[in-house]
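The values are calculated or read from the model by the stated rules, or taken from the named source; none is laboratory data. The structure displayed is predicted, hence computed values, not measured ones. Because the Cβ atoms are built from the backbone with ideal geometry, glycine has one as well, and the counts that use them run over all protein chains shown.
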Amino acid sequence: DTGVSQDPRHKITKRGQNVTFRCDPISEHNRLYWYRQTLGQGPEFLTYFQNEAQLEKSRLLSDRFSAERPKGSFSTLEIQRTEQGDSAMYLCASTIVGVGYTFGSGTRLTVV
Amino acid sequence: GNSVTQMEGPVTLSEEAFLTINCTYTATGYPSLFWYVQYPGEGLQLLLKATKADDKGSNKGFEATYRKETTSFHLEKGSVQVSDSAVYFCALSVLSGAGSYQLTFGKGTKLSVIP
């Protein structure tokens, strides 16, 4: 297993467009997290999955954001009607109880 | 709520200098504490961790001790190298009611080591 993969690495989109990011976790990891990191800040928690169930969502996750993890494998994060304030690095991490997080390299979103 | 405060950067040091990056925290419950490192263009990597009071985490010459009485987890290294140049994040996790171990991060400290 090569770690957590995120796709795409970079995304430039026009304001108002929808975007979708994908995360492929380490295969045996049943827990998956999404974080957002803006310039000069530490990552902030967005949402958490255990297997396919989305168990926790941050107040940061407005109704324009939706995340899924069908079949408890890969996950997608969709942002509808993007705004300039959505420009950030979106990080995915996976883990299993007793093992620390493994982070992906992130998807950098730029909204123009 | 949970929060992490770490010293502002950037920090610039000469090679072989001593490094300290201060980190203090507030938490509901008993947190585990972490230091993560982010090299340019890469994801976050776990540097070290400590799960209970007085534990010392160590890795690659870096150390940090979990001090419950001062709610601190300062990162130290006796002799930095140019290859240590990166952004360092202090973080904590506490088990939430939903069963997650979400991380709360500080803002990060950028370290530049010059030859």
Open item on the list: Condition (residue is on the phi > 0 side of the Ramachandran plot, exposed (fewer than 14 other Cβ atoms within 10 Å of the Cβ), assigned to a loop (DSSP other than H, G, I, E, B) and within 14 Å of chain B (Cβ to nearest Cβ)) applied to region A:75-96: is it met by at least one residue?
Closed with: no
Open item on the list: Could you check region B:71-115 and list, in sequence order, the residues that are assigned to a loop (DSSP other than H, G, I, E, B) and among the polar types (S, T, N, Q)?
Closed with: B:T71, B:S79, B:Q81, B:S85, B:S96, B:S100, B:Q102
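Taking the condition surrounded by 22 or more Cβ atoms within 10 Å (Cβ to Cβ), touching a Pro at 6+ places or on another chain (Cβ under 7 Å), of a type outside the set (A, V, I, L, M) and modelled with pLDDT of 95 or more, does B:F89 pass?
no
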Open item on the list: Looking only at residues that are in a loop (DSSP other than H, G, I, E, B) and closer than 15 Å to A:T95 by Cβ in region A:28-56, which one is nearest to the other protein chains (Cβ to nearest Cβ)?
Closed with: A:P43
TODO: Go through region B:94-113 and give me each residue that's under 26 Å from A:F49 (Cβ atoms), surrounded by 16 or more Cβ atoms within 10 Å (Cβ to Cβ) and within 9 Å of chain A (Cβ to nearest Cβ).
DONE: B:S96, B:S100, B:Y101, B:Q102, B:L103, B:T104, B:F105, B:G106, B:G108
